[in-house]
Each structure stands twice: as structure tokens, then as C-alpha cells.
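The values are calculated or read from the model by the stated rules, or taken from the named source; none is laboratory data. Fair warning: this is a prediction, and the values are worked out from it, not measured in the lab. Every residue, glycine as well, gets a Cβ built from its backbone with ideal geometry; the counts of neighbours run over all protein chains shown.
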There are 2 protein chains.
Amino acid sequence: MKKPDQHRPTEAEMAILQILWETGPVSVRTVHETLYPTGDAGYTTTLKLMQIMVSKGLAKRNTEQRTHIYRANVQEKIAKQNLVTKLVNLAFKGSESQLVMQVLGNRNASPEELQQIKDMISLIESNQNNS
Amino acid sequence: MKKPDQHRPTEAEMAILQILWETGPVSVRTVHETLYPTGDAGYTTTLKLMQIMVSKGLAKRNTEQRTHIYRANVQEKIAKQNLVTKLVNLAFKGSESQLVMQVLGNRNASPEELQQIKDMISLIESNQNNS
DNA sequence: TCATAAATACGAAATGTTTCGTAGCAAATA
DNA sequence: TATTTGCTACGAAACATTTCGTATTTATGA
């Protein structure tokens, strides 16, 4: 059997999910205006995408009112991890640390960010020692 | 003016680029058999993709011999960084360190990998202090 | 009430990517 | 030489994703 692609949102779907995750349940109108403040796309484009997301199980909606209210139906972490995994398999031979090395090597992280990452590593290390 | 998407290979193109980067200039036949050892795709599929890659500037080819020899025409690091940037913008609000945190938090990196990353951070930090 | 505005539903066009079939030609070989 | 094999070229089919036009319905307010 094949792994369901349910947690691999497309690019456009991902942009919408971000908004659903951040702002909680909202209408299509709200998503649309957040996404295209300058009206770069038609309203029905956003509507259609969100309807597709419901049909794929990426979102749910409440249809009690005339204006339907949508919410995310996938976990933020899981969805993002799936995207990371896809990239890692595509470009880094499946090695996540290779991806991390590339990111660290290629860009100027601020001292604060580096400290954050070091703290994270310490945390993982202490967990490893406790198990 | 718009940023040329020249360094944003598609998924299939990326798979081919990996081979070009790893093995150097090769024929379509070689790429095809590396990619599909069990013949999961037709030869002309690979051929067509590689021709497209040339037209997009992702690859170059030597046509002196009857069997054309292809080589990558984008730098491995740059192409991969572009993919990373795309993901970071799509899912991590443009913050690469947020991506790193997600990767570290979600998966079991080995102690060796963690050490590698720590070394990398130290290196960056010492560079920051010297500038 | 009646016109306007705002929402959903839906099909289909537009776009991008991948896959493949066929034709034509050149090289190897029976 | 005649046949088969292997290569490129190219158009188009097959798919997936995104965008939009139109019809219909429901609410709003002049």
C-alpha cells in the first residue's frame, strides 16, 4: 500500500494553512484578503483552493452560517516536517543534518539564533543521556 | 523585473542534477539507468527532461559525438540553497533558524551529527568575532 | 419590495510538469 | 549490403495545480 499524500499540501495550500494555523478559524474572505491585500488573485481562486483542501482533508469547515468558517485539519508540525522530509530526500540524500549544515554554512545567522540552536542541541543531548 | 527561476529546478530535474553533480559529465543512458535501474520510466522521458534542462540553462551538453554528454550548469550549493530558501519562505516565515529548530526538534539526530553541527556553529561564531 | 452586494458551487481554462509514442538518422553487426 | 540497435528530435498526451468565469442563492439596505 502507498503512503497517503494527505499531509503534503501544495504551495498554495501551504500558504493558506499558515493563515489558518496563525489566526484560527476564519472565512474565505479573510484568508483571501490576508493573502492578496492588493487583489493579485480573484476571490473564487481562494475559495476553490479552500474547498479542495476540505475535500483532501487538509481543512474542515463549519457551514452552519452562510459564510463558511474554515480551520486547519492537519497539524502544523507534521505538515512542515513532511515538507522538510521531502526536501531532504530530494536534495540531501535523506540526511537532515546535511540540510542543517547547508543552512548554517550558507547564511548569517545572528548570535541569538545560534544560541537558540545550541540550547536546542543541549536539550536533545540531555534527553539522549537520560534514555 | 522578475527574479529568473533559472535556479529552481523541478523535482525530476533535481534528481538528474544530483547525478550530474556526483558523477560528472555523462550520457542520457547513464543517467537513465542510474535513476531507473528497474526501468520504471521510458528512456525518452529522461532524454526529454535533460533536453529541457539544457533549454532552461540547468545543464549543458557536448554534441560532438552522436551520444551527447551532459553536465550540470548550476552550482550544487546554489541550487540547493534556493530550494531551502523556497521552503523557508513557504513554511517558516523566512527564518532559517526556525527551520533548523524544527529539524532538530523533530528527529533523532545521532550524537555525531549533533557534534558536527556544534562544530559548525563554533566555526561561525569565531568568524563573527573576527570580523 | 427590488436592486445590489456577498457568498457558495462548479466546470473548465490556463499553466506547469512529466511521460511517452513515433519518426528519422547513424552506427554496429549479421 | 541489409538488418538491427541505439541515439536524438519533437509533438502531444497525461497529470497536477492554479486561476477564473458564470450561475445560483442568500442577505442587506435604499
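Which one of A:Lys86, A:Lys48 is within 12 Å of DNA strand D (Cβ to nearest atom) and at the interface with chain B (Cβ under 10 Å from one of its Cβ atoms)? Explain how you work it out, then say what you get.
Working: A:Lys48 fails: at the interface with chain B (Cβ under 10 Å from one of its Cβ atoms).
A:Lys86 is the lone residue from the list that is within 12 Å of DNA strand D (Cβ to nearest atom) and at the interface with chain B (Cβ under 10 Å from one of its Cβ atoms).
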Inspect the stretch B:54-71 for any residue being hydroxyl-bearing (Ser, Thr, Tyr), surrounded by fewer than 16 Cβ atoms within 10 Å (Cβ to Cβ), within 16 Å of DNA strand D (Cβ to nearest atom) and outside any loop (DSSP other than H, G, I, E, B) and give the result as yes or no. yes
Given the conditions (1) more than 30 Å from A:Ala15 (Cβ to Cβ); (2) surrounded by fewer than 15 Cβ atoms within 10 Å (Cβ to Cβ), every one holds for B:Lys93 apart from (1)
Go through the stretch A:105-122 residue by residue and tally those that are in a helix (DSSP H, G or I) and either at the interface with chain B (Cβ under 8 Å from one of its Cβ atoms) or among the small types (Gly, Ala, Ser) (or both). 11
Given the structure, is B:Thr34 within 16 Å of DNA strand D (Cβ to nearest atom), β-branched (Val, Ile, Thr), at pLDDT 90 or above and in the same structural domain as B:Ala12 (by TED's automatic domain parsing)? yes
Among A:Glu125, A:Glu76, which is the only one that is within 7 Å of another protein chain (Cβ to nearest Cβ), surrounded by 15 or more Cβ atoms within 10 Å (Cβ to Cβ) and farther than 15 Å from B:Val100 by Cα? A:Glu125
Here are some conditions: (1) facing chain A (nearest Cβ under 10 Å); (2) farther than 22 Å from A:Asn106 by Cβ; (3) not acidic (Asp, Glu). B:Gln102 meets all but one. Which one does it not meet? (2)
